[in-house]
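First up is the structure itself, then whatever we jot down about it.
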Amino acid sequence: MTADTTAAGGSRALVRQRRRRSVVRFVRRYRTRRAGLAGLAALVLFALVALTAPLTVGSGVTGVTDAPGSPLQPPSGAFPLGTDRFGRDLLGLVVWGSRVSLLVGLLAAVLSVVIGTAVGITAGHFRGAYATVLMRITDWFLVMPALVLAVALATVMSRSLGTVVLAIGVTSWPTTARLVRAQTLAVESRPYIERARALGGGHWHVMTRHVLPNVLPLILAQTTLMISSSILAEATLAFLGLGDPTVVSWGGLLQDAREAGAVSAGDWWYLIPPGLAIAAVALAFTLCGRAVESVLDPRLEVAR
């Protein structure tokens, strides 16, 4: 074994040790944020409900032809949350709908953050005319209402979950791009970036080995915050009738309630459960996101 191989192995071990220490330090700091712990506990509960839905309620709960109850029954012992306009159990529908709402929110947020990260890092690294064009496009998306653009995309494309994910993801990335670009400019002004370039590091090496690891904490915090807004956007699109009509989601349940005239008829059990579920999940992700932000950047805690 050569000296170079030994040195390389030692450096990798040191990097792994530092990463483990960073994770332990992050966990310890996060545990001191009570709001973040409450949000995390709520998210774990919702995740368990969504993952175990096939076992607890089964896919048959969405069937219309063999609905177990009468239309628009109020809450009772047989149906704790009442029934919908087809006689289906609303409790089972809310549990089953969590799968779609959480999945769409997660995928749309990941797509949005990936696009924003790619735009932000490249615009901050290359600068010049390339960065100017990207930032003008970003500014255009920022001034345009994201919901209006998402509605336009969902209208002209086929009605499916993929369309909803794409519509939300490609219209909500500008905020992430702006934040990542600002962090990229700060990172690239540091001396070790100059040393990496002097040693022959190319653009890809600098962006992936030096810039990206330093902006990952910001990306993580932004992802947790984007999931809540993506879930709200999915519910809005479904409420407007632009979601996939073949699946059950929380927004779709609200749209069904509107079509059934639940608001004017006073059928509160048709509206409140999915609405509360959307609000609770959005709040939980927001609490986790704020806690992650304050842990990764303690100056935010002082500012508040």
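The values are calculated or read from the model by the stated rules, or taken from the named source; none is laboratory data. What you are looking at is a predicted structure, and each value in this text was computed from that prediction instead of being measured. With ideal geometry, Cβ positions are generated from the backbone for all residues, glycine too; neighbour counts draw on all protein chains shown. What goes into the accessible areas is simple: the full protein's heavy atoms, side chains included, and nothing from ligands, DNA or RNA. Shrake-Rupley method; radii C 1.70, N 1.55, O 1.52, S 1.80 Å.
For residue 138, state whether it is in contact with a helix residue (DSSP H, G or I) (Cβ under 7 Å, 6 or more places away or on another chain), among the polar types (S, T, N, Q) and closer than 15 Å to residue 251 by Cβ. No. Of all the listed residues (27, 23, 61), the sole one being touching an Asp or Glu at 6+ places or on another chain (Cβ under 8 Å), among the aliphatic types (A, V, I, L, M), in a helix (DSSP H, G or I) and at pLDDT below 90 is 61. Annotation note: of 136, 178, 99, 197, the sole residue that is modelled with pLDDT of 85 or more, in a helix (DSSP H, G or I) and surrounded by fewer than 16 Cβ atoms within 10 Å (Cβ to Cβ) is 136. Within the range 224-254, if we keep just the residues that are surrounded by fewer than 24 Cβ atoms within 10 Å (Cβ to Cβ) and of a type in the set (Gly, Ala, Ser), the residue that is farthest from residue 164 (Cα to Cα) turns out to be 228.
None of 262, 221, 279, 291 is closer than 26 Å to residue 166 by Cα and open to solvent by less than 50 Å² (accessible area, probe 1.4 Å) except 221.
Listed here are the residues, each with its yes/no results for (1) surrounded by 12 or more Cβ atoms within 10 Å (Cβ to Cβ); (2) under 18 Å from residue 249 (Cβ atoms); (3) in contact (Cβ under 8 Å) with a residue 24 or more places away in the chain.
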| site | (1), (2), (3) |
| --- | --- |
| 39 | yes, no, yes |
| 42 | yes, no, yes |
| 45 | yes, no, no |
| 49 | yes, yes, yes |
| 64 | no, yes, yes |
| 70 | no, no, no |
| 74 | yes, no, yes |
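Summed over the range 111-130, the residues that are in contact (Cβ under 8 Å) with a residue 40 or more places away in the chain and open to solvent by less than 70 Å² (accessible area, probe 1.4 Å) give a count of 13. Considering only the range 105-113, I want to know if a residue exists there that is of a type in the set (S, T, N, Q) and under 20 Å from residue 233 (Cα atoms). Yes: the range 105-113 contains one or more residues that are of a type in the set (S, T, N, Q) and under 20 Å from residue 233 (Cα atoms). Only residues that are modelled with pLDDT of 85 or more and either open to solvent by less than 30 Å² (accessible area, probe 1.4 Å) or in contact with a Lys or Arg (Cβ under 7 Å, 6 or more places away or on another chain) (or both) were counted across the range 183-194, and they come to 3. In the range 241-266, the residues that are touching a residue at least 60 places away in the same chain (Cβ under 8 Å) and under 14 Å from residue 93 (Cβ atoms) reach residues that are open to solvent by less than 20 Å² (accessible area, probe 1.4 Å) and assigned to a loop (DSSP other than H, G, I, E, B) with C-beta atoms within less than 7 angstrom, at least six apart or across chains, in these pairs: 249/243; 251/243; 252/243; 256/84.
If you go through the range 256-279 and pick out every residue that is assigned to a helix (DSSP H, G or I) and either within 22 Å of the chain's Cα centre (by Cα) or among the charged types (D, E, K, R) (or both), you end up with 10.
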